[in-house]
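The values are calculated or read from the model by the stated rules, or taken from the named source; none is laboratory data. Keep in mind the model is a prediction, meaning the values are calculated, not measured. Positions of Cβ are generated from backbone atoms using ideal geometry, with glycine treated the same way; all protein chains shown enter the neighbour counts. Only protein heavy atoms, including side chains, enter the accessible area calculation; ligands, DNA and RNA are left aside. Shrake-Rupley method; radii C 1.70, N 1.55, O 1.52, S 1.80 Å.
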Amino acid sequence: MTSADLAPRLAAYAARRMPAARGVEVRDLSRISGGASRQTFRFRLTWTEDGVPRERRMILRRDPPASLIDTERRVEFEAYRAFFGSKVPVPEMIWLEEGTEALDLPFSVAAEITGFEAAPALLWTEPYLAAHETLARNKWTILGEIARADPFALGLDRVMPPPEPEGCWVRELDMWEAVLDADEAEPLPITRAAIRWLRTNPPPPAQKIGVVHGDFRTGNFLYDRQGHIHGVLDWEMAHLGDPLEDLGWSLNPVWNFKRDLGGGLVPDGVAIAYWEAASGLRADPDAVHWWTLFNCVKGQAIWISSARAWIDGGNREPIMVLPAWGLQNPQDRAILKVMGHL
Amino acid sequence: MKPDIPAVLAELAGLVARNAAPDIDPAERAGALSLSAALLGMAAEAWDGAAQRLVEENRALRALLVDAGDRAGPIAGLAGAEDDDLSISALSAANARLRAGLIALQAAVEAEDSPEARALESRIWEELRLSTERRHMSSALA
């Protein structure tokens, strides 16, 4: 379906959801590049209500036929909704459509947060270089706020099954190893060695069951030139589990962007200190090491599954090849680094 | 590299042709072509050294299996093969068999408590480190 085909169908859907609106139109619908797990579009919704012309900028996220990350869109939607208006900045969720009648595939619509950047590449240029310390403090403070949140008070346990504190690690490792088993197109000796080590040296039980964003890294939030963060995005892998899991993903060396700094911004120890201060939790070094290595395995599973989706023909978009070609070997080297073999 | 380079290049050829049509949304065209350019750059970088990398690695893995002696067990037979067919697909298939054998060998060595096993384990890790250097691309994302 092209953008030209999509716009009138989206407008018709919006009109059904807004009974008081008249003359609902979708304008300037255009696809945003990237977005390997959802097809993402920005658009302006215009309508008249009580005789007054209105307009709102919105984001449409539509499931592709086969995505890099197979996830439940309701889980993602509810995660955004749970944190809206909190210290964790997220866009406002507007509609969730799980049926396929309106746009052939399920989708969600959110308010667009405008005027900020998301691309990591900009961070290594002026004037953003000068804001790294501030950005890092905000980044890991927000991640600490996610860890501090009570998922049961937020009602997230209704859509995200809570594991037992001692079972967090094995549930996640089992899940991602199964993805590797199903999707690998060639043997992965480094990743398999990491999995054996992880199973032989399990981490301590989680200090609490918290919300795990699942993909909190440089590149998945909107930032400004002063290092302030205005929106945390890409909650499609959100789940309940050990909050240290998110810290480990943020410290996965592939997110260093070829700089020897956590997230490409500050030394790992500085990032961990910001997280501890905000979360009220302790980042036991051995446990952080375990979760960082686990997240290297998880990353590899994601890159491998994107290759599988392309090979099997479910999704032939070039974005599916990019992580498979561009991140698989760096992820192996990240494993070697974390395990002390580099 | 998976997906295989020839298959990706064929897909990109179709993508570029489709984006030559005048009625494509400029933002969609820009996204498709910039990603295609990144992949073409990676394919170009991998092309020249692909056969050399695979031949070199297959030799190194066979030498490891020879040195593993009895520890190689049922995979010892892989050590005696040679790369007669130098097509990338044949070399890659042999490489996959050898790396699968390496996984089994490394798991077996980890379970053994002896100085010889630790020495072989160190050699395996060194080979794994070298394998990532052979696969290094300056155009990689991280």
*Quick one: in the stretch B:102-142, which of the residues that are at the interface with chain A (Cβ under 9 Å from one of its Cβ atoms) and assigned to a loop (DSSP other than H, G, I, E, B) is nearest to B:L78 (Cα to Cα)?*
B:R135
*Name the pairs whose Cβ atoms lie under 7 Å apart, with the first residue in the stretch A:311-330 and facing chain B (nearest Cβ under 7 Å), the second charged (D, E, K, R) and not in a loop (DSSP other than H, G, I, E, B), and 6 or more positions between them or separate chains?*
A:R316/B:E11
*Give me a count of the residues in the stretch A:231-257 that are within 14 Å of A:I302 (Cβ to Cβ) and of a type in the set (S, T, N, Q).*
1
*When you look at A:H341, is it more than 22 Å from B:E45 (Cβ to Cβ) and facing chain B (nearest Cβ under 9 Å), yes or no?*
yes
*Has the stretch A:291-298 got at least one residue that is of a type in the set (A, V, I, L, M), surrounded by 24 or more Cβ atoms within 10 Å (Cβ to Cβ) and either farther than 22 Å from B:T132 by Cβ or away from chain B (no Cβ under 13 Å) (or both)?*
yes
_Can you tell me which condition A:Q226 does not meet? The list is (1) away from chain B (no Cβ under 14 Å); (2) surrounded by 15 or more Cβ atoms within 10 Å (Cβ to Cβ); (3) polar (S, T, N, Q), and all the others hold._
(2)
*Within the stretch B:35-63, which residues are away from chain A (no Cβ under 13 Å), of a type outside the set (K, R) and open to solvent by 40 Å² or more (accessible area, probe 1.4 Å)?*
B:D48, B:Q52, B:E56, B:A63
*asked:* Can you pull out every residue in the stretch B:1-58 that is under 30 Å from B:I124 (Cα atoms), touching a Ser or Thr at 6+ places or on another chain (Cβ under 6 Å) and of a type in the set (A, V, I, L, M)?
replied: B:M42
*Subset of the stretch B:63-101 [assigned to a helix (DSSP H, G or I) and among the hydroxyl-bearing types (S, T, Y)]*: B:S89, B:S92
*Flag if B:A111 is open to solvent by 30 Å² or more (accessible area, probe 1.4 Å) and farther than 23 Å from A:A309 by Cα*: yes
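Results for (1) under 19 Å from the mean Cα position of the chain (by Cα); (2) within 14 Å of chain B (Cβ to nearest Cβ), shown as yes or no for each residue.
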residue	(1), (2)
A:G144	yes, no
A:E166	no, no
A:V170	no, no
A:V179	yes, no
A:E184	no, yes
A:A193	no, yes
A:T200	no, yes
A:H213	yes, no
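So which of A:V254, A:V270, A:V212, A:V288 ends up being more than 30 Å from B:S89 (Cβ to Cβ) and buried (at least 23 other Cβ atoms within 10 Å of the Cβ)? Show your work before the answer.
Numbers: A:V254 fails: more than 30 Å from B:S89 (Cβ to Cβ); A:V270 fails: buried (at least 23 other Cβ atoms within 10 Å of the Cβ); A:V288 fails: buried (at least 23 other Cβ atoms within 10 Å of the Cβ).
Result: A:V212 is the single residue among A:V254, A:V270, A:V212, A:V288 that is more than 30 Å from B:S89 (Cβ to Cβ) and buried (at least 23 other Cβ atoms within 10 Å of the Cβ).
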